[in-house]
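What follows is a single structure, written as structure tokens, with notes after it.
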Amino acid sequence: MANHKSAIKRIRSNDAKRLRNRYQAKTMRNAMKDLRDDAVKSSAATKLPKVIAMVDKLAKKSVIHKNKAANLKSKLTKRVNALKA
């Protein structure tokens, strides 16, 4: 157990941040899955910028690595572009 007041606060804040990061990462994964399952190009094209924004935010906050974010955005964009109109 932590002996200092600052260490106790750090434990509390780390737990809060961990839960927030897990929630945001799970939300992003669900949005990506929803985008991948979409077979209509027009609706997928409208969802793509929102998903890319989510990925960028998580990369900026270091929840996911910036290269992983770039790979995810690239794959999703290629998938949407490959859909039939």
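Remarks
- Degrees between helix 66-82 axis and first principal axis of the chain (Cα, 0 to 90, nearest 10): 20 degrees
- Note on the chain: with charges restricted to the Cβ of Lys and Arg (+1) and Asp and Glu (-1), its dipole about the Cα centre is near 300 debye.
- For the chain, the mean residue ellipticity at 222 nm estimated from helices alone is -29000 deg cm²/dmol, where every DSSP H run of n ≥ 4 contributes -39500 (n - 2.57) and the total is divided by all residues, rounded to the nearest 500.
- In order along segment 2-19, phi translates into HN-Hα couplings of 5, 9, 10, 4, 5, 5, 5, 5, 4, 4, 4, 5, 5, 4, 5, 5, 4, 5 Hz, rounded to whole numbers, per the Karplus curve 6.51 cos²θ - 1.76 cosθ + 1.60 with θ = phi - 60° and x for Gly and Pro.
- Sorted by Cβ neighbour density within 10 Å, fewest at the top, the residues LEU83, LEU72: LEU83, LEU72
- Annotation: Cα Rg of segment 5-82 relative to the compact-globule expectation 2.2 N^0.38 Å equals 1.35.
- Degrees separating the helix 41-60 axis from the principal Cα axis of the chain, which is the longest one: 20 degrees
- Pairs spanning more than 18 Å between alpha-carbon atoms, out of LYS9/LYS60; LYS26/LYS57; LYS41/LYS75; LYS17/LYS47; LYS41/LYS68; LYS26/LYS60: LYS9/LYS60; LYS17/LYS47; LYS41/LYS68.
- Mean separation of Cα contacts under 8 Å, 6 or more apart, over the residue count of segment 13-72: relative contact order %: 30 percent
FYI, it's all coordinate maths here, none of it is from the lab. Keep in mind the model is a prediction, meaning the values are calculated, not measured. Here the Cβ is made from the backbone with ideal geometry for all residues, glycine too, and neighbour counts use every protein chain on show.
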